[in-house]
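The numbers here are math on the coordinates, done by the rules we state, and not lab data. Not measured: the values here are computed from a predicted model.
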Amino acid sequence: MLTAAHLLFTACLGLLLLFGTSKWKSFANHRLLSFYGNISYGLYLIHWIVFMCYDAITRAYVPERAQFSGNIRLLSLRLLVIAGATLAAWISRKFFEERFLRLKTLFP
């Protein structure tokens, strides 16, 4: 099952790459995709920490909800955790990373 999901996401990524170089550029240049592209590095760094904290809190205080496989409510809750990680990555980009990125113009 996991291999099928990997193949699906690989196909989606391939389609977006093809769209980005064809007359359908507007599909690949969507604002939401640009937003996630802008915060992607911070999200890459933060999401693992956020999920580890969420899993630790869930196991400690609500152990019956620690296993989310097949439960749509718990999967929806994890979606909210992803939204929290996205918010944290955006805050990091806006108030921390931007300062360092502006320094690039000072060095040849």
Report the residue, chosen from 58, 21, 86, that carries the largest GNM mean-square fluctuation when the chain is represented by alpha-carbon nodes joined by springs under 10 Å.
21
Among (i) 55; (ii) 59; (iii) 72, the entry matching percent of Cα pairs over 16 Å apart as calculated here is (iii)
Scan the chain and note any complete DSSP helix (H) whose C-alpha atoms cover at least 24 Å along its axis and whose Kyte-Doolittle average is 1.6 or more.
2-20, 72-92
Phi angles of the range 99-108, converted by Karplus (6.51 cos²θ - 1.76 cosθ + 1.60, θ = phi - 60°) into ³J(HN,Hα) in whole Hz with x for Gly and Pro, give 4, 6, 5, 5, 5, 4, 6, 7, 10, x
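For residue 31 and residue 96 in one chain, what is 0.36 nm times their gap in residues minus the Cα-Cα distance, to one decimal in nm? If you can, show how the numbers build up before the last one.
Values: separation 65, 0.36 × 65 = 23.40 nm, distance 2.20 nm.
Net length gain for the segment: 21.2 nm.
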